[in-house]
């Protein structure tokens, strides 16, 4: 397992981690298999979505913020239940196929770390299952 | 990695791809492992849900359409932000265990390609991690 | 593949299955790899979220119940479309890295079976892909 860290700057933010994941694949010299990426936090998540126009990630974040409000009649006293709900809706992990030593993402896809309760220092776990 | 294509006919549509995935497992003669199925598009997704009554998929689609509206105050100029949001809520991949050379789905489960911005020609990537 | 059962007591309920999954990893003596956990039901799901304060799971369930109502203009005649919608939003599987023979969950993370149409007897499928 490989671990890398990132620092988020806002309460809610999507950070493109595609390059960091690709670096691990190159370092491990895996030519084919599955790359599994895991978020070990309960108020953050991982998703795959468009990396061409940054307004897409802004629209996703704004949608989540209007539909999963920060302030509501939550019972969790820490006051960040919205972030936990967003985390379970988006999901704690993503996986991508590796072929010819490359992440097999679609043309417009990037891998995003989704911060829902920042700013914080966060970790991402990566495990590669090689087919060789 | 195997790739197959499908043509969607409507803007929003669920298409059962279980048989197409099973064909790949038979062709590769895998008896046990994990079948990983990936959607390389940012306005489509994959899910597992009921395959007995087609009204279930219609209800899921209608729910998503009423709660994630096509027209809203989105900033992405292509006008399909609803499809990107749906894609991140449903997810870009599903995985199913293979045992005794068969997909270990529950009695009522099928694997669905979820089109949110069709009609288009779409691709599905399949990778099988064998336990042998 | 390993299978274990659980009995849910309410219509909607989150049940912590982390210990049951850990037992399987110990039994199989896997030191590193990926643990894949699959829900073979179409009105239940799996998620990873906070295991310290039980109010977090209550907040997630209450959020889902207010936003995905039990009664709405659904076409599926069984009357449990809300449970199917919740299942596709949360997802049918989760995966966790195994390292040093241990599930690599974050400090506050637990693995939850999400019942959306109980009470019922349910099954969970577990498959471990070892790196050795």
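Miscellaneous remarks
- Pairs of Cα atoms farther than 27 Å apart, the stretch A:2-130, %: 20
- Computed P(r) (all Cα pairs; the protein assembly as shown; 10 Å bins; percent): 5, 25, 37, 27, 7, 0
- The stretch C:2-130, relative contact order in percent, only Cα pairs under 8 angstrom and at least six apart counted: 54
- Comment: the Cα-to-Cβ extended label point of residue A:9, at 7 Å, lies 4.8, 4.9 nm from its counterparts in the other copies, nearest first.
- Across peptide C:98-106, the mean count of Cβ atoms from other chains lying within 10 Å of each residue's own Cβ comes to 3.
- Note on C:117-125: average number of Cβ atoms from other chains within 10 Å of each residue's Cβ is 1.
- Estimated distance in nm for a label pair at residue B:73 and residue C:5, the labels positioned 7 Å out from Cα along Cα-to-Cβ: 5.3
- Mean partner shielding of peptide C:62-75, defined as the number of other chain Cβ atoms within 10 Å of each residue Cβ, is 4.
- Euclidean distance of C-alpha centroids, the stretch B:87-131 and the stretch C:11-43, integer Å: 20
- Placing dummy labels 7 Å off each Cα toward the beta-carbon, the span from residue B:130 to residue A:65 is 5.0 nm.
- Exam field: residue A:28 pseudo-label spacings to other copies (7 Å along Cα-Cβ), nanometres: 1.7, 1.7
- Degrees, to the nearest 10: A:18-28 long Cα axis against longest axis of chain A: 40
- Calculated label separations, residue B:78, copies of the chain, 7 Å along the beta-carbon direction, nm: 3.5, 3.5
- Simple spin-label estimate for residue B:52 and residue C:16 gives 3.4 nm between the two label positions (7 Å along the Cα-to-Cβ direction from each Cα).
- Helix C:55-67 axis, angle to chain C major axis (alpha carbon atoms, nearest 10°): 40
None of the figures in this text is laboratory data; all of them are computed from the coordinates on show. The structure presented is a predicted model; accordingly, all values stated were derived computationally and were not measured. For neighbour counting, all protein chains shown are included, and Cβ atoms are generated from backbone atoms with ideal geometry for every residue, glycine included.
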